[in-house]
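Report on the structure given below.
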Amino acid sequence: MPEQSPRRPSGALANTVTIGDVAAFVTSKNAGPYKVALDIVFSTEAEYERFVGQAGLDRAAVAAIYGIPLADVLDVIHFAPAFAVKITLRRRITAGATGDSDVYGAQQHVPLMQHRIAW
Amino acid sequence: MVAAPDSLTVFAPQGMLGYGIPERSMRLGMERRPDILAVDAGSIDPGPHYLGSGTSFTNRRSVRKDLEMILDAAHAHRIPVLIGSAGGAGGDAHLDWLIEIYREICRERGYSFRTARISAEIDRGWLRRRLADGAISPLDHDNALTPGHLERATRIVGQMGYEPFMRAIEAGAEVVIAGRSFDPVMMGAHALLQGFDRGLTVHMGKLLECGGAAAYPRHGSDGLLATLYRDSFTVEPPNPDKVCTVASVAAHSLYERANPYHMEFPGGAIDLHATRFEQESERRVRISGTRYIAAPHYTIKLEGVERVGYRTIAIAGVRDPILISRFDDYVANIRSRVAERYPDGYRLTIHSYGRNGVMGPIEAARAEQPFELGLVFEVVADDPETSAAVLALTRSAALHVTYPGRKAIAGNLAFPFSPSDIVVGPVYEFTIHHLVEVEDPCAPFAMDLFTP
């Protein structure tokens, strides 16, 4: 199954990359049983600044990426000391409750990692 | 009282008791002559089951091996050991499980540390009174606590702050083994007693609580050393193959938290807006400027679970491309066959790995048809017999039910195991995740002193 897109696609996707192409880490983990925290961490200040400047990643963008209500995107916080952007989502289902599929919230990062941005 | 020292070195040999301690890191860490050994032994991340069942998510043999290494080092160097969130979930059953392992080791080795046991199970009568006084509020959700929640909860713990550990140290404890604790507190109770800055102390504990996770490369269980000074602190891994960098340390300040700039703890919060991270040497980072903000009320986080039923599961694979192409019809047929016999009183979930097993209804990927699927059939019912009966019918229906275009009429599923049906047992859910205001931070946490 073709998962990773090539780094420099042609046509309409030229000059775009996925967040996973340019970030050092894109990761998710519970922040308590009711929230999942997504972290995007860059290797350098320059990449971080470029991302913050042009990715347009606000709560509405994150809600669109995940296909979830805006109210479930609790926060998007820029944390310059770590060259990082932190996003907090409300969990659809409390961790470990019947119907949950990811008790640690550790595999919720992929839509963000595969999201395309201008670069 | 001796003069307050200028520095204090804390060694966290691992991020989780039972996850392994590299012997070389332990030896090199102890060569730095730490003043304190401290380790976190628990987490809420493995989910509600462990708090409900009274069992640990860590393995007894692994915990014992790690605890032996820690106690041997503490004995040889005559330094204190502080352990929080004993047994994983930190209830009394968990705490006593760890204390039994501790007693075994001490008996075999002839150790007689003066020891404090601190319970984190909270008295329900006291909680009912706090609830009536309006002193309990929800945390991260909107469900107000009711007397019914307190009544039905299988077990309720509170995350203790620094004060119960400080009381144990003042009582002369050389080893402190405590139930559910706010993760950084065992790293910093000595520091607060010696008057070190509260903001720096909390931030140091936050970095130490996951052991070597604040160093790169981030793999395997490993340790971290921190030295606290009056105006700053440093962190450094004992493992010479790892480094702490500004990025690794700052990134760990983010970990498992909703807001990297602001972290609340019992009695206050730390603010990282003015924090400076400086690369002091190739492997060491110095942190300064983290500020402490006192809270208007001292609060303790409560964690509680309720039993909601009994789970039985079966695992199977599907390789047939015709079935996979008609998967929704197939599932509908299974559900209707089961509902004919058992119309309600249970919850049937079919986890389909290879399709949307991880992201569920928000899965956006529209890949080509997968060549195989992994299925987990799950039934949760009020009693174990109903759970097993509904799962057994689900499993046989799933094996034999038809779907449009079916050619493989002898069976739909590849079972990896016999028996196919797995009794998982009681199912718990988090129902209490609230803050309670307290007058005395030590009062809810009973302490006993003993010598093993």
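Within the stretch B:289-306, identify whether any single residue is among the hydrophobic types (A, V, I, L, M, F, W, C), in contact (Cβ under 8 Å) with a residue 12 or more places away in the chain and within 30 Å of B:S420 (Cβ to Cβ), and answer yes or no.
Within the stretch B:289-306, one or more residues are among the hydrophobic types (A, V, I, L, M, F, W, C), in contact (Cβ under 8 Å) with a residue 12 or more places away in the chain and within 30 Å of B:S420 (Cβ to Cβ).
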Flagged in the stretch B:247-296 as in a loop (DSSP other than H, G, I, E, B), within 12 Å of another protein chain (Cβ to nearest Cβ) and of a type in the set (G, A, S), in numbering order, are B:S253, B:A258, B:A274, B:G289
Within the stretch A:11-28, can one find any residue that is within 20 Å of B:H262 (Cβ to Cβ) and either among the polar types (S, T, N, Q) or at pLDDT below 95 (or both)?
no
Of the residues that sit in the stretch A:88-119 and are closer than 28 Å to A:N15 by Cα and within 9 Å of chain B (Cβ to nearest Cβ), which one is most open to solvent (accessible area, probe 1.4 Å)?
A:Q107
Given the criterion closer than 30 Å to B:V63 by Cα and touching a strand residue (DSSP E or B) at 6+ places or on another chain (Cβ under 6 Å), identify the matching residue among B:P138, B:P164.
B:P164
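Do you know which residues across the stretch B:56-92 are outside any strand (DSSP E or B), farther than 18 Å from B:D35 by Cα and free of Cβ contacts under 8 Å to residues at least 60 places away in the same chain?
First pass over the stretch B:56-92, keeping only residues outside any strand (DSSP E or B): B:56-80, B:89-92.
Then drop every residue that is not farther than 18 Å from B:D35 by Cα, which leaves B:56-66, B:68, B:89-92.
Matches in the stretch B:56-92: B:S56, B:F57, B:T58, B:N59, B:R60, B:R61, B:S62, B:V63, B:R64, B:K65, B:D66, B:E68.
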Condition check for B:L228: on the phi < 0 side of the Ramachandran plot, crowded, with 20+ Cβ neighbours inside 10 Å and free of Cβ contacts under 8 Å to residues at least 12 places away in the same chain
no
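For B:A388, indicate whether it is over 31 Å from the mean Cα position of the chain (by Cα) and over 30 Å from A:A64 (Cβ atoms). Give the derivation first.
Values: over 31 Å from the mean Cα position of the chain (by Cα): no; over 30 Å from A:A64 (Cβ atoms): yes.
No: the conditions fail for B:A388.
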Can you report the number of residues in the stretch B:342-387 which are closer than 26 Å to B:F417 by Cα and part of a helix (DSSP H, G or I)?
5
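Just for helices (runs of 4 or more DSSP H) wholly inside the stretch B:105-189: which have at least 2 residues that are surrounded by fewer than 23 Cβ atoms within 10 Å (Cβ to Cβ) and among the small types (G, A, S)? Working first, answer last.
Working: elements: B:124-132, B:147-152, B:162-170.
Ranges flagged: B:124-132.
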Are there any pairs, at least 6 apart or on different chains, whose C-beta atoms fall under 8 Å, with the first in the stretch B:341-368 and more than 7 Å from chain A (Cβ to nearest Cβ) and the second in a strand (DSSP E or B) and of a type in the set (D, E, K, R), and if so, which?
B:L348/B:E378; B:I350/B:E378
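When the residues of the stretch B:369-388 are filtered to those that are among the charged types (D, E, K, R) and away from chain A (no Cβ under 11 Å), which remaining residue is least open to solvent (accessible area, probe 1.4 Å)? If you could, list the steps in order and put the result at the bottom.
Here is the first cut: in the stretch B:369-388, the residues among the charged types (D, E, K, R) are B:372, B:378, B:382-383, B:385.
This time we only want the ones that are away from chain A (no Cβ under 11 Å), so: B:372, B:382-383, B:385.
Numbers: B:E372: 99, B:D382: 123, B:D383: 51, B:E385: 127 Å².
Here the answer is B:D383.
The values are calculated or read from the model by the stated rules, or taken from the named source; none is laboratory data. Model, not experiment: these values are computed from the prediction. Counting neighbours? That spans all protein chains shown, and the Cβs are built from the backbone with ideal geometry, glycine included. Keep in mind that these areas ignore ligands, DNA and RNA; they rest on the heavy atoms of the full protein, side chains included. Shrake-Rupley method; radii C 1.70, N 1.55, O 1.52, S 1.80 Å.
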